[in-house]
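> Can you read through this structure? Questions will come right after.
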């Protein structure tokens, strides 16, 4: 699945089909269908925590900007790339 455009007003939710565990400052996500494990680092965890169906893509970018002193465009691109990776693996789902 190739995702070229992401709406700033789209909401993202975690796919409850995955097993999720917190270990220290990381999140471990297990895909039992494919026997794959994904480990999210501290920053990815912060984005993940906002994939709750309440925060839009734009909201998540704003939250990251509040937490990290980086360029707005860089933050937007990093958040976009991470969300696309999660969407492609069906770890999160988009709600418009």
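> How far is it, in nm, from the label point at residue 15 to the one at residue 96 when both lie 7 Å from their Cα along the line to the Cβ?
1.9
> Can you give me the orientation-averaged projected area of the convex hull built on the Cα atoms of the chain, in nm²?
Numbers: hull surface 24.6 nm².
The Cα convex hull of the chain, projected and averaged over all directions, gives 6.1 nm².
> Also, quick follow-up: Based on the mean of other beta carbon atoms within 10 Å per residue, what is the order of 82-89, 22-29, most packed first?
Going by the mean number of other Cβ atoms within 10 Å, highest first, we get 82-89, 22-29.
> Can you tell me which of 9-20, 62-73 comes out highest on packing, and rank the rest after it, using the mean Cβ neighbours within 10 Å? Present the calculation step by step, with values, prior to reporting the outcome.
Working: 9-20: 14.7, 62-73: 12.2.
Highest-to-lowest ranking by the protection proxy: 9-20, 62-73.
> Can you compute the modelled spin-label distance between residue 8 and residue 62, with each label point 7 Å from Cα toward Cβ, in nm?
Spacing of the two 7 Å Cα→Cβ label points: 1.1 nm.
> Would you please give the FRET efficiency between residue 49 and residue 81, computed as 1/(1 + (r/R0)^6) with r the Cβ-Cβ distance and R0 = 22 Å, to the nearest 0.05?
Details: r = 18 Å, r/R0 = 0.80.
E between residue 49 and residue 81, to the nearest 0.05, is 0.80.
> For the range 1-56, what are the per-bin percents of Cα-Cα distances with bins 10 Å wide, up to the bin holding the maximum?
Per 10 Å bin, starting at zero, the Cα-Cα P(r) for the range 1-56 comes out as 21, 45, 33, 2 percent.
Here, each number is a calculation from the coordinates, and none is a lab measurement. Since this is a predicted model, take the numbers as computed values, not measurements. Cβ coordinates were reconstructed from backbone atoms using ideal geometry, including for glycine residues, and neighbour counts include every protein chain displayed.
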